[in-house]
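The values are calculated or read from the model by the stated rules, or taken from the named source; none is laboratory data. Since the structure is predicted, the reported quantities are computational estimates derived from the model, not experimental observations. In this analysis, Cβ positions are derived from the backbone assuming ideal geometry, glycine residues included, and neighbour counts consider all displayed protein chains. Note: accessible area is taken over every heavy atom of the protein model, side chains too, but ligands, DNA and RNA are not part of it. Shrake-Rupley method; radii C 1.70, N 1.55, O 1.52, S 1.80 Å.
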Amino acid sequence: METKLYTLTGSEKDDTIYKEAGEIIKCGGLVAFPTETVYGLGGDALNPAASGKIYAAKGRPSDNPLIVHIADLEDVKKIAKDIGEDFYALADAFWPGPLTIVLNKSDCVPVETTGGLDTVAVRMPQTEGALGLIRNSGGYIAAPSANKSGRPSPTKASHVWDDMEGIIDMILDGGEVGIGVESTIVDLTGDVPMLLRPGYITVDMLSFVLKKEVLIDPSILEVMPGQFRPKAPGMKYKHYAPKGELYVVKGTGFEAVAKKINNLAIEDIKNGERVGIIATKENESLYHEGIIKCIGSRADEVSIAHNLFSVLREFDDEKVTRIYSEELDTPKLGMAVMNRLMKAAAHKIIEC
Ligand code: TXA
Ligand code: MG
């Protein structure tokens with residue numbers, strides 16, 4: 001199949017693009033589009049065949065449910081039931097924005113979209129690239145991140161092109177995304193709100209708005225995976241994996257960590273490995289081996305989240321076979337970033 005690639009300009013000209021893209025979705029096709037978190041791979045959420053195509057395009061297991069994206073708050077009533085005060089408080093505070101809310105699903109949402117669950121994850125994204133598409137395609141777009149399953153999530157249209165060219169109908173290029181890690185997921189179907197995936201909206205921000213404690217799914221925090229069964233099915237899969245083998249190096253003090261990484265890199269290079277190092281701006285000068293990439297500044301946490309997936313893909317392009325990263329455990333976004341980094345590293349840690 002030929003994949004069309006259109007660049008959004010933010011002007012009225014985009015309207016014709018949204019119309020064409022909307023028609024594709026209404027006819028059961030797939031369109032990738034920019035959101036503020038990562039690029040999504042959209043299909044009609046109420047059409048089971050479209051959901052099937054999404055799973056096939058990604059090579060994703062079909063028990064891993066899709067998020068339904070809406071552009072109008074009223075539309076949530078069609079796809080979800082038992083919508084309470086907590087939902088409206090969160091939607092009011094954070095939508096449109098990088099928060100996904102899990103609710104009980106109504107009958108019109110096919111189980112193909114929800115991976116067999118009787119709940120549905122709903123999100124109203126922020127970018128015009130997403131909202132324009134949703135409005136023109138019937139209002140309900142199921143969209144996982146637009147990467148092949150297991151690969152780093154796409155933060156640029158070129159990443160989507162690399163993974164999806166020839167497989168989907170259209171890609172809308174809205175430039176680089178703003179945030180760079182996927183939305184926070186909170187489940188409101190239990191007795192207590194529960195964080196299922198960390199993201200830009202932190203637990204403290206959720207608790208502040210809800211005026212109550214938000215529990216954290218224990219699987220998010222576990223060091224060794226497999227101990228707890230995650231409530232968001234997608235969290236159990238191998239994820240974000242770069243082609244090179246990634247290790248997170250932990251220790252007391254940045255100098256000790258850098259020394260360890262430099263020594264590991266020297267050994268590896270001797271053994272013919274191509275080594276990449278993920279450093280923060282504050283510590284970049286401590287490294288002197290391999291291909292050193294600055295991921296952002298500890299003083300600007302968003303820069304780290306923004307660059308994470310992109311840096312992993314760049315190492316793939318440079319055919320790096322081994323990657324070492326500092327711990328990126330910054331105060332607010334550290335939980336979201338470390339969650340992705342540890343998965344990308346398949347939880348391989350080197351302590352020093
Ligand atoms: O930022 C985002 O959320 C991006 C953009 C495109 O909106 N989308 C995204 O989708 O990250 P995906 O499919 O890569 O991740 C969705 C996650 C998976 O871990 C899935 O298991 C979980 O959401 N999820 C979806 N529906 C759920 C449900 N009903 N209950 C629990 N977890 C659910
Ligand atoms: Mg994903």
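The rows are residues; the columns are (1) away from ligand 2 (no atom under 16 Å from the Cβ); (2) small (G, A, S); (3) more than 22 Å from I179 (Cα to Cα).
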| position | (1), (2), (3) |
| --- | --- |
| P34 | no, no, no |
| Y39 | no, no, no |
| Y55 | no, no, yes |
| R60 | no, no, yes |
| N64 | no, no, yes |
| I70 | yes, no, no |
| V76 | yes, no, yes |
| A80 | yes, yes, yes |
| D86 | yes, no, yes |
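Among the listed residues A130, A121, which satisfies the condition of being within 13 Å of ligand 2 (Cβ to nearest atom) and buried (at least 19 other Cβ atoms within 10 Å of the Cβ)? The unique qualifying residue is A121. Got at least one residue in segment 77-86 being farther than 24 Å from K156 by Cα and open to solvent by less than 10 Å² (accessible area, probe 1.4 Å)? Within segment 77-86 (the criterion being farther than 24 Å from K156 by Cα and open to solvent by less than 10 Å² (accessible area, probe 1.4 Å)), the answer is yes, since at least one residue qualifies. For beta carbons closer than 9 Å, sequence separation of 6+ or different chains, a first residue in segment 186-208 that is under 18 Å from I83 (Cα atoms) and a second that is among the basic types (K, R) and open to solvent by less than 40 Å² (accessible area, probe 1.4 Å), the qualifying pairs are V186/R197.
Within segment 210-226, one or more residues are out of contact with any Phe, Trp or Tyr (no Cβ under 6 Å at 6 or more places or on another chain) and within 16 Å of ligand 2 (Cβ to nearest atom). Going by what's in this entry, would I216 be described as open to solvent by 40 Å² or more (accessible area, probe 1.4 Å) and free of Cβ contacts under 8 Å to residues at least 60 places away in the same chain? Yes.
Every condition in (1) surrounded by fewer than 19 Cβ atoms within 10 Å (Cβ to Cβ); (2) within 17 Å of K148 (Cβ to Cβ); (3) among the aliphatic types (A, V, I, L, M); (4) touching a helix residue (DSSP H, G or I) at 6+ places or on another chain (Cβ under 8 Å) holds for A56 except the one numbered (4). Within segment 71-86, the set of residues being farther than 23 Å from E128 by Cα and either touching a residue at least 12 places away in the same chain (Cβ under 8 Å) or under 22 Å from the mean Cα position of the chain (by Cα) (or both) comprises A80, K81, D82, I83, G84, D86.
Only one of the numbered conditions (1) of a type in the set (A, V, I, L, M, F, W, C); (2) under 16 Å from the mean Cα position of the chain (by Cα); (3) more than 11 Å from ligand 1 (Cβ to nearest atom) is not met by A93, and that is (2).
Given the residues G190, G226, G180, G174, which is the only one that is modelled with pLDDT of 95 or more and over 17 Å from the mean Cα position of the chain (by Cα)?
On the way: G226 fails: modelled with pLDDT of 95 or more; G180 fails: over 17 Å from the mean Cα position of the chain (by Cα); G174 fails: over 17 Å from the mean Cα position of the chain (by Cα).
One residue alone meets the criteria, G190.
Can you tell which of V186, V181, V209 is within 21 Å of W95 (Cβ to Cβ) and away from ligand 1 (no atom under 11 Å from the Cβ)?
Numbers: V186 fails: away from ligand 1 (no atom under 11 Å from the Cβ); V181 fails: away from ligand 1 (no atom under 11 Å from the Cβ).
So the residue among V186, V181, V209 that is within 21 Å of W95 (Cβ to Cβ) and away from ligand 1 (no atom under 11 Å from the Cβ) is V209.
For segment 132-163, what are the residues that are closer than 15 Å to A45 by Cβ, not in a loop (DSSP other than H, G, I, E, B) and not basic (K, R)? Full working, then the answer.
Our first condition is that a residue be closer than 15 Å to A45 by Cβ; within segment 132-163, this holds for 133-144.
Going one step further and asking which of them are not in a loop (DSSP other than H, G, I, E, B), we end up with 133-135, 141-142.
Within segment 132-163, L133, I134, I141, A142 meet the criteria.
Which residue, of S137, S106, S158, is modelled with pLDDT of 95 or more, buried (at least 24 other Cβ atoms within 10 Å of the Cβ) and more than 11 Å from ligand 1 (Cβ to nearest atom)? Give the derivation first.
Values: S106 fails: buried (at least 24 other Cβ atoms within 10 Å of the Cβ); S158 fails: buried (at least 24 other Cβ atoms within 10 Å of the Cβ).
Within the list S137, S106, S158, the selection yields S137.
Take segment 12-34 and flag every residue that is buried (at least 19 other Cβ atoms within 10 Å of the Cβ) and under 25 Å from L117 (Cα atoms). Before the answer, list the steps.
Start the filter on segment 12-34 by keeping residues that are buried (at least 19 other Cβ atoms within 10 Å of the Cβ), which leaves 14, 17-18, 21-22, 24-25, 29-34.
Hits for segment 12-34 are I25, G29, L30, V31, A32.
On the stretch given as segment 186-203, residues that are under 18 Å from Q126 (Cβ atoms) and either assigned to a loop (DSSP other than H, G, I, E, B) or open to solvent by less than 20 Å² (accessible area, probe 1.4 Å) (or both) total 5.
Report, by residue number, each residue of segment 140-151 that is over 14 Å from D173 (Cα atoms) and either open to solvent by 20 Å² or more (accessible area, probe 1.4 Å) or within 11 Å of ligand 1 (Cβ to nearest atom) (or both).
At the first step, the residues of segment 140-151 found to be over 14 Å from D173 (Cα atoms) are 140-145, 147-151.
Matches in segment 140-151: I141, A142, A143, P144, S145, N147, K148, S149, G150, R151.
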